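One structure below.
The values are calculated or read from the model by the stated rules, or taken from the named source; none is laboratory data. Bear in mind the structure is a predicted one, so any value in this text is a computation, not a measurement. In this analysis, Cβ positions are derived from the backbone assuming ideal geometry, glycine residues included, and neighbour counts consider all displayed protein chains. Keep in mind that these areas ignore ligands, DNA and RNA; they rest on the heavy atoms of the full protein, side chains included. Shrake-Rupley method; radii C 1.70, N 1.55, O 1.52, S 1.80 Å.
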Amino acid sequence: MNKLDIQTLVTYDTEQPADSVEWCPQEGWEDIFVCGTYQLERDQESSLANRKGRILLQRYNEEATNEPLTLLQTIERSAVLDQKWNPTQRNQLAAAGADGSLAIYALTGTTGEPVLEHQTAAALHGDETNDQNLLALALDWSADGKRIRFDHLPCALYLAGGDDSLLCMHDIRCPDEPIMKGKNKTHAAGVTCMLSFAERDHALLTGSYDENVRLFDERQLKASVSELPLHGGVWRLRSNPHRNPDQILCGCMYHNFSVVQLKADDSFELIGEYGEHASICYGCDWQQVGANYRAGKRIIATCSFYDHKLCVSEISTPV
């Protein structure tokens, strides 16, 4: 197929290094998204690291007469490593913090412009010596929006991947400790992200520091179904659930943001590349809208780290 055309609409300086972007799925607030930042500061006397960050609540309005991108709110907090909107209570946002915390916010607009209001928080706990070093690195909601978990597998099963390069499935029904139900050693470096692909039964996509995006069948993890080499390490995978769900937006850290097509025969094809960012490409997401929203335009937001750059762009298919 023809390569996609990706054109920058607006750029924004986030001031702090940016690492996550999430468009709001709530009807009526489709023009709202959040960007998370991570600023590392070190105490010269104690050598302790202070990881602080922000949640930037943004509105993109292409019909605005002046600037199309408006900063609605800044939340000062611990560094933000991941964020996800609740798939059922779609105005609810969960944020993972570098202090090992999980915070829940609600987007409300009863008094004018929408704002995020803090609802509750919880913290991860390790042993006494490691609590201060715990990071809440990634999170997701279950399909029913009631639990924070990873994918749409039965509730007794979960998938995990990490710096040991392993992709594992565990069964948590054992009262003592989870039982490993499957293990894959295909990745040549750490597993960085997973996408449980609801549009195809049992389909699981993974990204890795080894620069490949892979497709697995959740029922058989011994080998990947297909894979595609990208560049720079694949940090994030995002599908467009309402339009072209088989097109996957990939954050390729040290290279660019890419779009790959998951084809009917389960193979991948690279169909678009976006090279606007000059630093580590971490955060990316599709605007959560259907084909009838604003003449069917496909909008993405992307952000990068050391250049603290946020971009909103339009994706189109050349005629």
Selection over segment 204-235 where residues are part of a strand (DSSP E or B), open to solvent by 10 Å² or more (accessible area, probe 1.4 Å) and among the aliphatic types (A, V, I, L, M) yields a count of 1
Among (1) modelled with pLDDT of 85 or more; (2) in a strand (DSSP E or B) - the single one residue 67 does not satisfy: (2)
Quick check on my filter: what residues within segment 183-203 are part of a strand (DSSP E or B) and either aromatic (Phe, Trp, Tyr) or within 19 Å of the chain's Cα centre (by Cα) (or both)? 191, 192, 193, 194, 195, 196, 197, 203
If I filter segment 279-293 for residues that are closer than 21 Å to residue 212 by Cα, open to solvent by 10 Å² or more (accessible area, probe 1.4 Å) and either at pLDDT below 95 or not aliphatic (A, V, I, L, M) (or both), do I get at least one hit? yes
Restricting segment 46-64 to residues that are of a type in the set (A, V, I, L, M) and over 26 Å from residue 92 (Cβ atoms), the residue that is modelled with the highest pLDDT: 64
Taking the stated definitions as given, is residue 273 out of contact with any His (no Cβ under 8 Å at 6 or more places or on another chain) and under 28 Å from residue 183 (Cα atoms)? no
Looking at segment 1-26, I want the residues that are farther than 12 Å from residue 313 by Cβ and have a partner that is in a strand (DSSP E or B) and acidic (Asp, Glu) with Cβ atoms under 9 Å, at least 6 apart or on another chain. Which pairs are those? 1/269; 3/273; 19/82; 20/82; 20/285; 22/82; 22/285; 23/285
Write out, first by first residue and then by second, each pair whose Cβ atoms fall under 8 Å of each other, whose residues are 6+ apart or on separate chains, and whose first residue, in segment 32-48, is within 27 Å of residue 108 (Cβ to Cβ) and in a loop (DSSP other than H, G, I, E, B) while the second is modelled with pLDDT of 60 or more and open to solvent by 40 Å² or more (accessible area, probe 1.4 Å). 38/51
Filtered residues of segment 89-129 (kept if open to solvent by 60 Å² or more (accessible area, probe 1.4 Å) and not in a strand (DSSP E or B)): 89, 90, 99, 110, 111, 113, 124, 125, 127, 128, 129
Scan segment 13-34 for residues that are buried (at least 21 other Cβ atoms within 10 Å of the Cβ), in contact with a Leu (Cβ under 9 Å, 6 or more places away or on another chain) and within 15 Å of residue 303 (Cα to Cα) and jot them down. 14, 17, 18, 19, 20, 21, 22, 33, 34
The lone exception for residue 66 - which of (1) more than 16 Å from residue 28 (Cα to Cα); (2) touching a residue at least 12 places away in the same chain (Cβ under 8 Å) it fails: (2)
Can you go through 243, 238, 173 and tell me which one is in contact with a Gly (Cβ under 9 Å, 6 or more places away or on another chain), open to solvent by 20 Å² or more (accessible area, probe 1.4 Å), without any contact (Cβ under 8 Å) to a residue 60 or more places away in the chain and not in a strand (DSSP E or B)? 243
